[in-house]
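A short write-up of the structure that comes next.
The values are calculated or read from the model by the stated rules, or taken from the named source; none is laboratory data. The model shown is predicted, which means the values in this text are computed figures rather than measured ones. Every residue, glycine as well, gets a Cβ built from its backbone with ideal geometry; the counts of neighbours run over all protein chains shown. Only protein heavy atoms, including side chains, enter the accessible area calculation; ligands, DNA and RNA are left aside. Shrake-Rupley method; radii C 1.70, N 1.55, O 1.52, S 1.80 Å.
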Amino acid sequence: MSFGNNQDFVRQLAKQVNPRTLHVYYQKEVSQSIVPLKNVANIRFSVLDNGPQLFLKVIPGLMRSKLIVIDNYFPFLGSLSKTKNIRISQIWHANGAIKEFGFNDPMTSQRTASDQIRFQRVYNAMDDIVVGSEKMADTFQLNYRLNGEQIRRLGYPRSDKFLNEKWIHKVQATFFENYPELKNKHLILYAPTYRKDSQFAFAPDFKNLQLPKNTILILRLHPHLQAMEKSWEERMPFITSIDAKITTDELLTVVETLITDYSSILFDYTLLKNARKIGLFTFDQLEFSKTVGLRSDFSTEFQSIVIKDVNQLTDFLAKSDNNQAMIEKLNYDWNQFNDGAATKRTINFLLKRSDL
């Protein structure tokens, strides 16, 4: 576990394998995300790092496993001596992809030949890659340089909650109990993606942004940077920070407008009935495309919702019309197999394949 957004999947998997033990190896950065799972009796937790414990505890544990589920790229999997009884299945941490990764990441071409061989070895070790759409299937096949036989069109487990009316109503009620002053406001979420190895920076002249009346702009940064939200609220009075205990997924259920840049939460948001308006604030697109990379179809696929500067963002927020047609198109393209039952379908598939 390197991300905390597959908790529901982990909980359901533990329930299905009970009384067997589910071993969860997690990176220290997501320590808070395992807290809600601590009450599951048959889960055992271990920290995952690159120190001695990786070789003394983690790898021996993996070698005794029939099913290994991953949410990210883990380099050591390339050197794992897989037997025919071990199955590695990827449940990715994102529903779609605007940013490039794998061999399409611009930085990959600058890595050594031995590094690139190692990357491919990790990708080839995956027996299953679970996706929620043909779009994402094509993306993995291209970026991982695979033949596609590993792709499982089962739906993206994390998407289930966005189609669960009971969960949505509960989250909305809790939010407005905590923030009653926001109940009759037009809520906008600004959630920029994480810039690797860099601190967050607003667009030039962001302080000049003008918000319409009765509008609240909620800032939500990457979990590694959330401590900065309060300080930005103090420096820019039109910014509102929300307690980090309320997750980004939960915030998506209460806002009528989402502003991001290159984050896959765009595709999650399109599943929600409260989604009215979306925009990609890509003021640093030129630099970002060189360092991280953007989909080759970015300029055509997303052009209608791209916002280049603060003046355009002000104009976009001032317009009362929604872009519902674009929301529906993105939902159709990227949530093709996400019907609210992806978790159950995926777990049943994986356990059957691993004879568990």
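If only residues of the stretch 283-305 that are out of contact with any helix residue (DSSP H, G or I) (no Cβ under 7 Å at 6 or more places or on another chain) and open to solvent by less than 20 Å² (accessible area, probe 1.4 Å) are counted, the one that is modelled with the lowest pLDDT is Phe288. In this entry, Asn18 is excluded by the filter for residues that are open to solvent by less than 40 Å² (accessible area, probe 1.4 Å) and among the polar types (S, T, N, Q).
Among the residues of the stretch 167-182, some residue qualifies, meaning at least one is aromatic (Phe, Trp, Tyr) and farther than 19 Å from Glu229 by Cβ.
When the residues of the stretch 178-197 are filtered to those that are closer than 23 Å to Thr282 by Cα and not in a loop (DSSP other than H, G, I, E, B), the one that is most open to solvent (accessible area, probe 1.4 Å) is His186. Within the stretch 163-177, residues that are more than 19 Å from Asp8 (Cα to Cα) have Cβ atoms under 7 Å from residues that are acidic (Asp, Glu) in these pairs: Phe175/Glu250, counting only partners at least 6 apart in sequence or on another chain. Looking at Phe162, Phe200, Phe175, just one residue is touching a Leu at 6+ places or on another chain (Cβ under 7 Å) and crowded, with 19+ Cβ neighbours inside 10 Å, and that residue is Phe162. Within the stretch 51-66, is there a residue that is within 17 Å of Tyr144 (Cβ to Cβ) and among the β-branched types (Val, Ile, Thr)? No, the stretch 51-66 contains no residue that is within 17 Å of Tyr144 (Cβ to Cβ) and among the β-branched types (Val, Ile, Thr).
Set side by side, the residues Leu22, Leu37, Leu56 differ, and just one is of a type in the set (A, V, I, L, M, F, W, C) and at pLDDT below 90, which is Leu56.
Within the stretch 197-214, residues that are at positive phi have Cβ atoms under 7 Å from residues that are modelled with pLDDT of 95 or more and of a type in the set (A, V, I, L, M, F, W, C) in these pairs: Asp205/Val310, counting only partners at least 6 apart in sequence or on another chain. Take the conditions of a type outside the set (D, E, K, R), touching a residue at least 12 places away in the same chain (Cβ under 8 Å) and either open to solvent by less than 60 Å² (accessible area, probe 1.4 Å) or closer than 19 Å to Lys344 by Cβ (or both) and apply them to Leu146. Does it pass? Against the criterion (of a type outside the set (D, E, K, R), touching a residue at least 12 places away in the same chain (Cβ under 8 Å) and either open to solvent by less than 60 Å² (accessible area, probe 1.4 Å) or closer than 19 Å to Lys344 by Cβ (or both)), Leu146 qualifies. Checking each residue in the stretch 222-277 for being closer than 18 Å to Val30 by Cα and over 20 Å from the mean Cα position of the chain (by Cα) picks out only Met228. Of all residues in the stretch 60-91, those satisfying the criterion of being of a type in the set (Ser, Thr, Tyr) and surrounded by fewer than 14 Cβ atoms within 10 Å (Cβ to Cβ) are Ser79, Ser81, Thr83. The residues of the stretch 228-242 that are touching a helix residue (DSSP H, G or I) at 6+ places or on another chain (Cβ under 7 Å) and surrounded by fewer than 16 Cβ atoms within 10 Å (Cβ to Cβ) amount to a single one, Met236.
When you look at Arg121, is it charged (D, E, K, R) and either modelled with pLDDT of 95 or more or surrounded by 14 or more Cβ atoms within 10 Å (Cβ to Cβ) (or both), yes or no? In short, yes. Taken together, Leu251, Leu225, Leu211 contain a single residue that is touching a helix residue (DSSP H, G or I) at 6+ places or on another chain (Cβ under 9 Å), open to solvent by less than 40 Å² (accessible area, probe 1.4 Å) and aliphatic (A, V, I, L, M), which is Leu251.
Taking the residues in the stretch 288-303 that are in contact (Cβ under 8 Å) with a residue 24 or more places away in the chain and among the β-branched types (Val, Ile, Thr) as candidates, determine which candidate is nearest to Ala97 (Cα to Cα). Of everything passing the filter in the stretch 288-303, Val292 is nearest to Ala97 (Cα to Cα). Scanning the stretch 124-143 for residues that are touching a strand residue (DSSP E or B) at 6+ places or on another chain (Cβ under 6 Å) and either open to solvent by 10 Å² or more (accessible area, probe 1.4 Å) or more than 17 Å from Asp333 (Cα to Cα) (or both) yields Ala125, Met126, Asp127, Asp128, Ile129.
For the criterion of being closer than 28 Å to Lys183 by Cα and either crowded, with 16+ Cβ neighbours inside 10 Å or without any contact (Cβ under 8 Å) to a residue 40 or more places away in the chain (or both), Thr257 passes.
Val122 passes every criterion in (1) part of a loop (DSSP other than H, G, I, E, B); (2) farther than 19 Å from Leu266 by Cβ; (3) among the β-branched types (Val, Ile, Thr) apart from (1).
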